[in-house]
Amino acid sequence: MAPALTDALPTAPHNLASTAPRDIFPDGLKTTGQHPPLYDHIVPFDRFPREITGPTVWKAEDYRENPEKWTHRFTEEQVEELSIAADAFLASKTPLTGISKSNFTLPKLAEYLETLRKDIIDGKGFILFKGFPVEKWGNHKSAVAYMGLGTYLGYFVSQNSRGHVLGHVKDLGEDSTQIDKVRIYRTNARQFFHADDSDIVGLLCIAKALEGGESDIVSSHHVYNTLATERPDVLKTLTEPIWYFDRKGETSKGQDEYIRTSVIYLERGDQGRVYTKWDPYYVRSLTRFSDAGIIPPLSDAQQEALKVLEETCNRLSLHMILDVGDIQFLANSHILHARTSYTDHAPPTPRRHLMRLWLATPESEGGWKLPFWDSNEKKRGGIQVDDQPPVAPLDAE
């Protein structure tokens, strides 16, 4: 018999949040990192809803011709409030990795950001801000204001083994075909539809490409409903814990190089929502282990699911272009996102550059009840290798 769903919180192997040393983690919080799901909280396909309803289910045509529904241009007053808070933070000499709501106060914006946070977590799941003055402020002040803004949506988590809590999406000339070693955000290759390892992802555009590098997003709940109608066999395959995700060497001592998991889960609880965790690059990169017989190779059903999922996302997606000074925030729980490949300008024109945030929303603060032990940790998810300190570089490295 399948395990029952329960409202009980998973038991953490240790009380991580209260023990992170502040000489390493300035805000006293450590990213929990990647780990397998709680397998007894993975339920069979017949427990999943036949159809998802509510605001998380949206169609591209609902928004394509109505940008006012999903964009917000910062007012002069809001820009000034961000500027004052950023200047005060810079004057305090606090490390950027120590930024929080308590030392980046936004008296007027805070109420709006709380409403926005709820819409990202429980509603349509995305927003595009416009009018962030990156060219006037420069990278340092922009990074402070951006991270400060982000603290009102969630807790920043590390995005790689080097502890980057301020990430940089930029082509560093790495070989995008070496998918078992290279993170695609450090190349100019296409990124297929995926979700990042956090509850919310933010992207601030510092510089645009000559061509390409454009964004596509889709409601994974609309994709779910479409597959339930057109290809329930594919949907069933995606809910089974038969998928292996690569960790690309970003592991702590004693950890496996891969994680066995599902692609689509249910939240814990009687009315659990459908949660998607996916990145095809991390699935296709594991041939070094499947060729050696350590893990199973992708089955024909899994190969078909890979193909159909990407095709369905492409068909249902909303396209958007990020201009300099735009900020996109997305919920990874029920939004999948992609980007087109791109070509940069020739020097000395700057290369395409996006500053990235990964933000966590623990369930005690309104986040989803995920089937992972760290569901109620403030900095759940992300990538944490041993005690690597958080760092916030102002450019790619």
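The values are calculated or read from the model by the stated rules, or taken from the named source; none is laboratory data. In this text the structure is predicted, and so the values were computed from the model without any measurement. Virtual Cβ from ideal backbone geometry, glycine too; neighbours counted across all protein chains shown.
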* Structure fact -> Checking Lys141, Lys108, Lys118 in turn, the sole residue that is under 30 Å from Thr53 (Cα atoms) and modelled with pLDDT of 95 or more turns out to be Lys118
* Structure fact -> Taking first residues from segment 291-304 that are farther than 15 Å from Leu238 by Cα and touching a residue at least 12 places away in the same chain (Cβ under 8 Å) and second residues anywhere that are in a loop (DSSP other than H, G, I, E, B) and of a type outside the set (Lys, Arg), the pairs with Cβ under 8 Å that are 6 or more apart or on different chains are Ile295/Leu286; Pro296/Ile242
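Yes or no, residue by residue, for (1) of a type in the set (S, T, N, Q); (2) more than 28 Å from Gly123 (Cβ to Cβ); (3) surrounded by fewer than 18 Cβ atoms within 10 Å (Cβ to Cβ); (4) free of Cβ contacts under 8 Å to residues at least 24 places away in the same chain:
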site: Ser220; (1), (2), (3), (4): yes, no, no, no
site: Tyr224; (1), (2), (3), (4): no, no, no, no
site: Leu227; (1), (2), (3), (4): no, no, no, no
site: Asp233; (1), (2), (3), (4): no, yes, yes, no
site: Thr239; (1), (2), (3), (4): yes, no, no, no
site: Asp246; (1), (2), (3), (4): no, yes, no, no
site: Gly254; (1), (2), (3), (4): no, yes, yes, yes
* To do: Confirm whether Leu336 is touching a Ser or Thr at 6+ places or on another chain (Cβ under 8 Å), of a type in the set (A, V, I, L, M), closer than 23 Å to Arg260 by Cα and not in a helix (DSSP H, G or I).
  => yes
* Asked: If you go through segment 227-241, how many residues are of a type outside the set (Lys, Arg) and either more than 19 Å from Ile42 (Cα to Cα) or touching a Leu at 6+ places or on another chain (Cβ under 8 Å) (or both)?
  -> 7
* Asked: Just one of the numbered conditions (1) under 26 Å from Pro389 (Cβ atoms); (2) buried (at least 19 other Cβ atoms within 10 Å of the Cβ); (3) touching a Lys or Arg at 6+ places or on another chain (Cβ under 8 Å) is not true of Leu90; which one?
  -> (2)
* Structure fact -> Within segment 377-391, the count of residues that are more than 18 Å from Gly254 (Cα to Cα) and surrounded by fewer than 20 Cβ atoms within 10 Å (Cβ to Cβ) comes to 2
* So, in segment 288-330, of the ones that are touching a strand residue (DSSP E or B) at 6+ places or on another chain (Cβ under 6 Å) and of a type in the set (A, V, I, L, M), which residue ends up nearest to His222 (Cα to Cα)? -> Leu316
* Hey, can you tell me all the residues within segment 25-53 that are free of Cβ contacts under 8 Å to residues at least 12 places away in the same chain and either within 21 Å of the chain's Cα centre (by Cα) or outside any loop (DSSP other than H, G, I, E, B) (or both)? => Asp46
* **Candidate set from segment 106-145 (those that are of a type in the set (Lys, Arg) and surrounded by fewer than 18 Cβ atoms within 10 Å (Cβ to Cβ)); member that is nearest to Ser198 (Cα to Cα)** => Lys118
* Could you tell me which numbered condition Glu250 fails, if it satisfies all but one of (1) within 20 Å of Gln159 (Cβ to Cβ); (2) touching a helix residue (DSSP H, G or I) at 6+ places or on another chain (Cβ under 7 Å)? => (2)
* Kindly indicate the residue of segment 298-320 that is part of a loop (DSSP other than H, G, I, E, B) and surrounded by 14 or more Cβ atoms within 10 Å (Cβ to Cβ) and also farthest from the chain's Cα centre (by Cα) among those meeting that condition. => Leu298
* **Set Tyr224, Tyr275, Tyr244: member being touching a Leu at 6+ places or on another chain (Cβ under 8 Å) and outside any strand (DSSP E or B)** => Tyr224
* Structure fact -> Per the filter on segment 278-297, residues part of a loop (DSSP other than H, G, I, E, B) and among the β-branched types (Val, Ile, Thr) are Ile294, Ile295
* Structure fact -> Of (1) surrounded by 19 or more Cβ atoms within 10 Å (Cβ to Cβ); (2) touching a Ser or Thr at 6+ places or on another chain (Cβ under 6 Å), Arg356 fails just (2)
* To do: Give the residues of segment 162-180 that are crowded, with 22+ Cβ neighbours inside 10 Å and in a loop (DSSP other than H, G, I, E, B), sorted by residue number.
  => Gly163, Val165, Leu166, Lys170
